[in-house]
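Comments concern the structure below.
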Amino acid sequence: MQSNHRPTFNEIDFADLEQAIADHAALTPLLCKTIQQANNAIKQRFLAGENITLLVKDRATLIDWILAHVWYRYFGNDNQDIALIAVGGYGRGELHLYSDIDLLILLRHENSEEHKINIEQFITLLWDLKLDVGHSVRSIERCISEATADITIATNLMETHFIAGAESLFNKINTAVSPHKIWCGRQFFEAKCKEQKQRYRKHYDAVQNLEPNVKEGPGGLRDIQVIGWVAKRHFGAATLHDLVNHRFLTASEYATLMDGQEFLWKVRQGLHILAGRREDRLLFDHQKNIAKIFNYKDNAHHIAVERFMKDYYVTITAINRLNEMLLQLFEEAILYCDKPTNPIPINDHFQSCHGYIEVTHDAVFTHSPSAILELFLLLQQHTELQGVRASTIRLIRSSLPLIDNNFRAKKQNRDLFISIFRQPRGLTHQLRRMNRYGILATYIPDFGKIVGLMQYDLFHAYTVDEHSLMVLRNLRRMTVPEFAHEQPFCNKICNRLTKPETLYLAGFLHDIAKGRGGDHSTLGAQVALDFCLYHGMKNYDARLVSWCVKNHLLMSATAQRQDISDPEVITHFARIMGDQHHLDHLFLLTTADIQGTNPRLWNSWKASLLQELYRLTSQMLRRGFEHPVNETERIQDVQAAALDLLTESSTTNTAAVQALWGNFNNDYYLRYRPDEIAWHANAIINSKEIPIVLLKEEISRGATSIFIYAKDQAYLFASVTQALDEMGLDIVDARIITNNKGYVLDTFLVLDAEGRPLTNQPDIQQRVLRRIHQAAQQADEVCILSQRRISRRLKQFSGTPQITFSTDLAKDQSIMEVTAIDRPGFLAIVAKALVECGLNLRNAKISTFGEKVEDIFYLTDQNNHAIHDKKRFTAIEQKLHELLDTKTSPNLNSNL
């Protein structure tokens, strides 16, 4: 037996174990107990703060010991035709608590039937021990053949250690798969670079994902491993520290890499402990608990989990940056080693080498610190350049201390920075590069405060700095002709801007004051104004940027939380805009902001809502505030337009239409378009049965419209919203009208689970019609709460609903605003509570922001008047707290 080295576990007497095994004791219960004791010991040592590197190595040593003794039971100690070899991460001697144990059973001969039964029994025993074993059984010839064809297998065979059996076979396979035999350094490097690009794409090329993968994501452990693989394959480096000796890494860079690996190893070990299995995803489910394990605490402005995730993002950004630099250095050493170096001069400071910009000498930044910013401007202006040469990246990093108050005070540097925003191309790429290299955080200390800053919610998918650059990217994309087809409406507006840099700066700075406490829009507006004026912008332009930052949430809030069919809402919003120029800027910024917050948030409905608000506001600005829209005039225009549409059909009974319309109040004509009113009238007049349920695509609104005409029933709204929820449809808008005859006209705008209308889905549309018709017929029954399970992510949030009331005397209605944690059947729950409290629902504005809903309900009493009795408000508030409080609601907690 080759592995006699005993692991270090004080809880386990390995001498007694060895004696029991020698006495042919039953292995399964004996080793299961040993593994459980070792796992518990590793957990306790980890939670006590013991060095993670030692724990990872101890786990691998333990598994070596177990496998060697099990192997001896089945194969003896003298069999020279078979060997057991650790490969992959286990081959490196690194095993986290529940890591895969990758094994190669190496045969001297291809078809060794004599070992088949023993191999099967050996692997079965390992499974009985609950070890996550991944194994392959191959001869040396087949190993060579498969490794030659598959870079993954070749990589696994690079990282091996011997466990038991014929050590001569182990030595032979190591020689057979060396770079002199297969996958030479150049081929291996090119394949690994291609593999990394594909891996990055799976993670959206973003370091700062909401739920990052510790192992596979950009900046994760795999980035470190890629460096090690290439170094070992081409340069013969046994450890990463050898790269210091080869002068690819400085001592401080090596320390950064090792500190990053240790941090990620700790996170991964914590994930394994929390999940009770192998888990490499830093899911929402675990982020808070990992922060707790690492003793992070809340402070004045950030909760513990946000502080932990900031450190996480800073760590993986540093690893990602070192990976980029090292792979480029490897590229020069491997791919260009036999090519002549003929630098092409760009100016006194810079030259191009193999398509990458580099300094002309190592003292460039020391002699001329402004060249640090000049480099990025040149990258924008010289599109033939692919990037920055690795040696220059290192020089930039070491020159960051040169960016101090004196540097910022120099007009030349301020002009260079603003010039970057005025270039016709490359703005997003270069600002992202500047962020990776630490330039933005150093040059703009306020920006440094938001680097790696995350917000623990389901609304923001990126850290604040990444989000700001994503918004900037969206704004730039709107202006590029080749992408005009993506958002033609925005592109048309962009073409009118005479100074697009004001828009770009607003996008770049709009969240600059996040995380300080207080209103980040107001605080950020002052930061933006000071920044722009300090950088020599004209007073008007600086104030425009500042105004955009201050109001960057206004347009979204108005569109999603107010009734934009109300002329008073439009008039108020238009007064804040002041002119078309400000409206254009805010519309573009709002669109880019929503798109850059979370890819799942933007949909055709939100696009149409913002465009409608933009269109109505533009009309108001053109009309002038001295000529407000007359309500009576507007109603007459809407009715006339609807009647024109109806009379296009020869079967329309005008008298019947006028009689029907006589039952509707003015609110109906203010909240529906002429085509909708004509659609309703035609269906109601020609229908022979009630309820009527209709469905059509609202192309202009980016949603599917479901219209219901039925006798008013207490639980109608609750029943319909529950049915829509059970079908997985997202209600984005609801309009409720009750006519003078006691019939309701309810319209729901819905999207599917992917945020899309039900376009070209006839089967689903028919199913929806049938289910809603059934819900409308059975609406007099008591509403049953939704049986859909709460999502994994939503389970991580709890809280008490925030409920506020106000009264709109002009419209004789009360307004209830509810902010609460989202949950299945939320609208049905609210509707049920309103019925039980004797209140009527007139209208609803539905908004979901990640894990939270912020819905507005317009209410009246049973006599259709505003509610003036505060006891009624207290009653509904208590009822909603009972049903919606995620800390106490039994319905919600039953799913946790």
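The values are calculated or read from the model by the stated rules, or taken from the named source; none is laboratory data. Every value quoted in this text rests on a predicted model; they were computed, and no experiment measured them. Note that we place each Cβ from the backbone using ideal geometry, even for glycine, and neighbour counts take in every protein chain shown. Note: areas computed on protein heavy atoms with side chains; ligands, DNA, RNA excluded. Shrake-Rupley method; radii C 1.70, N 1.55, O 1.52, S 1.80 Å.
Among all residue pairs at least 6 apart or on different chains, which show Cβ distances below 6 Å where the first residue, located in region 424-450, is more than 16 Å from Gln208 (Cα to Cα) and open to solvent by 20 Å² or more (accessible area, probe 1.4 Å) and the second is of a type in the set (Val, Ile, Thr) and at pLDDT 95 or above?
Once the first residue is more than 16 Å from Gln208 (Cα to Cα) and open to solvent by 20 Å² or more (accessible area, probe 1.4 Å) and sits in region 424-450, its partners that are of a type in the set (Val, Ile, Thr) and at pLDDT 95 or above give Thr442/Ile403; Asp446/Ile512; Asp446/Val527.
How about region 551-590: which of its residues are among the β-branched types (Val, Ile, Thr) and not in a loop (DSSP other than H, G, I, E, B)? Break it down into steps so the answer makes sense when it comes.
So in region 551-590, the residues among the β-branched types (Val, Ile, Thr) come out as 558, 564, 569-571, 576, 590.
Once the filter is applied, which keeps residues that are among the β-branched types (Val, Ile, Thr) and not in a loop (DSSP other than H, G, I, E, B), region 551-590 yields Thr558, Val569, Ile570, Thr571, Ile576, Thr590.
Taking the stated definitions as given, is Phe573 closer than 16 Å to Leu553 by Cβ and in contact with a Ser or Thr (Cβ under 6 Å, 6 or more places away or on another chain)?
Yes, satisfied.
Pull up region 849-867, narrow it to residues that are at pLDDT below 90 and open to solvent by 50 Å² or more (accessible area, probe 1.4 Å), then point me to the one that is farthest from Leu716 (Cα to Cα).
Ranking the candidates gives Lys852 first.
Which of the residues spanning region 249-288 are more than 19 Å from Ala318 (Cβ to Cβ) and open to solvent by 70 Å² or more (accessible area, probe 1.4 Å)?
Here is the first cut: in region 249-288, the residues more than 19 Å from Ala318 (Cβ to Cβ) are 269-281, 283-288.
Across region 249-288, the qualifying residues are Arg277, Arg278, Arg281, Lys288.
If the requirement is being under 20 Å from Val732 (Cα atoms), open to solvent by less than 10 Å² (accessible area, probe 1.4 Å) and in contact (Cβ under 8 Å) with a residue 24 or more places away in the chain, which of these qualifies: Thr558, Thr502?
Checking each option against the conditions leaves just Thr558.
Considering only region 219-284, give the helices (runs of 4 or more DSSP H) lying wholly within it that have at least 3 residues that are of a type in the set (Gly, Ala, Ser).
Details: elements: 221-235, 242-245, 251-275.
The helices (runs of 4 or more DSSP H) meeting that bar are 251-275.
Select from region 58-109 the residues that are among the basic types (Lys, Arg) and part of a helix (DSSP H, G or I) and write down the one among them that is most open to solvent (accessible area, probe 1.4 Å). Full working, then the answer.
Of all residues in region 58-109, those among the basic types (Lys, Arg) come to 59, 73, 92, 108.
Pick out the ones that are also part of a helix (DSSP H, G or I) and you get 59, 73.
On the way: Arg59: 12, Arg73: 80 Å².
Result: Arg73.
Looking only at region 812-824, count every residue that is over 24 Å from Gln713 (Cα atoms), out of contact with any Pro (no Cβ under 9 Å at 6 or more places or on another chain) and either in contact (Cβ under 8 Å) with a residue 40 or more places away in the chain or in a strand (DSSP E or B) (or both) and tell me the total. Talk me through it step by step, then tell me what you get.
Looking only at region 812-824, we keep the residues that are over 24 Å from Gln713 (Cα atoms), and these are 819-823.
Narrowing the set further to residues that are out of contact with any Pro (no Cβ under 9 Å at 6 or more places or on another chain) leaves 822-823.
Still in the running and either in contact (Cβ under 8 Å) with a residue 40 or more places away in the chain or in a strand (DSSP E or B) (or both): 823.
Total satisfying the criteria: 1.
What do you reckon, is Arg789 at pLDDT below 90 and either touching a Phe, Trp or Tyr at 6+ places or on another chain (Cβ under 7 Å) or open to solvent by less than 10 Å² (accessible area, probe 1.4 Å) (or both)? Before the answer, list the steps.
Numbers: at pLDDT below 90: yes; either touching a Phe, Trp or Tyr at 6+ places or on another chain (Cβ under 7 Å) or open to solvent by less than 10 Å² (accessible area, probe 1.4 Å) (or both): no.
No, not satisfied.
If we scan region 670-686, do we find a residue that is in a strand (DSSP E or B), β-branched (Val, Ile, Thr) and open to solvent by less than 10 Å² (accessible area, probe 1.4 Å)?
Within region 670-686, the subset in a strand (DSSP E or B) is none.
No - not one qualifying residue is present in region 670-686.
So, in region 14-35, exactly how many residues are open to solvent by less than 70 Å² (accessible area, probe 1.4 Å) and either in contact with a Lys or Arg (Cβ under 9 Å, 6 or more places away or on another chain) or at pLDDT below 90 (or both)? Reasoning before the result, please.
Step one: list which residues in region 14-35 are open to solvent by less than 70 Å² (accessible area, probe 1.4 Å), which gives 14-15, 17-18, 20-22, 25-28, 30-32, 34-35.
Among the residues that remain, those that are also either in contact with a Lys or Arg (Cβ under 9 Å, 6 or more places away or on another chain) or at pLDDT below 90 (or both) are: 14-15, 17-18, 20-22, 25-27, 32, 35.
Adding up the residues that qualify gives 12.
Which members of region 693-748 meet the condition of being surrounded by fewer than 19 Cβ atoms within 10 Å (Cβ to Cβ), more than 25 Å from Gln813 (Cβ to Cβ) and hydrophobic (A, V, I, L, M, F, W, C)?
Residues satisfying the conditions are Leu694, Leu695, Ile699, Met727.
Give region 825-853 a look and list any residue that's assigned to a strand (DSSP E or B) and touching a helix residue (DSSP H, G or I) at 6+ places or on another chain (Cβ under 7 Å), or say none. Step through it out loud before you land on a result.
To start, the set of residues in region 825-853 that are assigned to a strand (DSSP E or B) comprises 840-845, 848-849, 852-853.
Of everything in region 825-853, those that are assigned to a strand (DSSP E or B) and touching a helix residue (DSSP H, G or I) at 6+ places or on another chain (Cβ under 7 Å) turn out to be Leu841, Lys845, Val853.
Given Leu601, Leu610, Leu621, Leu589, which one is surrounded by 15 or more Cβ atoms within 10 Å (Cβ to Cβ), over 32 Å from the mean Cα position of the chain (by Cα) and under 20 Å from Gln562 (Cβ atoms)?
Values: Leu601 fails: over 32 Å from the mean Cα position of the chain (by Cα); Leu610 fails: over 32 Å from the mean Cα position of the chain (by Cα); Leu589 fails: over 32 Å from the mean Cα position of the chain (by Cα).
On inspection, the qualifying residue turns out to be Leu621.
Would you say Ala461 is open to solvent by 10 Å² or more (accessible area, probe 1.4 Å) and without any contact (Cβ under 8 Å) to a residue 60 or more places away in the chain?
Details: open to solvent by 10 Å² or more (accessible area, probe 1.4 Å): yes; without any contact (Cβ under 8 Å) to a residue 60 or more places away in the chain: no.
It is false that Ala461 is open to solvent by 10 Å² or more (accessible area, probe 1.4 Å) and without any contact (Cβ under 8 Å) to a residue 60 or more places away in the chain.
Return only the number of the condition from (1) surrounded by fewer than 20 Cβ atoms within 10 Å (Cβ to Cβ); (2) in contact (Cβ under 8 Å) with a residue 24 or more places away in the chain; (3) in contact with a Lys or Arg (Cβ under 9 Å, 6 or more places away or on another chain); (4) assigned to a helix (DSSP H, G or I) that Thr155 does not satisfy.
Answer for Thr155: the failing condition is (1).
Taking the condition open to solvent by less than 20 Å² (accessible area, probe 1.4 Å), assigned to a loop (DSSP other than H, G, I, E, B) and over 26 Å from Leu469 (Cβ atoms), does Ile182 pass?
Details: open to solvent by less than 20 Å² (accessible area, probe 1.4 Å): yes; assigned to a loop (DSSP other than H, G, I, E, B): yes; over 26 Å from Leu469 (Cβ atoms): yes.
Answer is yes for this residue.
Can you work out which of the residues in region 514-530 that are assigned to a loop (DSSP other than H, G, I, E, B) and over 17 Å from Leu554 (Cα atoms) is most open to solvent (accessible area, probe 1.4 Å)?
Kept after step one, since they are assigned to a loop (DSSP other than H, G, I, E, B), are these residues of region 514-530: 514-519.
Retained after the next criterion (residues that are over 17 Å from Leu554 (Cα atoms)): 515-517.
Numbers: Gly515: 28, Arg516: 73, Gly517: 38 Å².
That would be Arg516.
Mind listing just one residue for me: the one in region 192-212 that is within 14 Å of Pro599 (Cα to Cα) and of a type in the set (A, V, I, L, M) and, of those, farthest from the chain's Cα centre (by Cα)?
Once the filter is applied, the top-ranked residue is Ala206.
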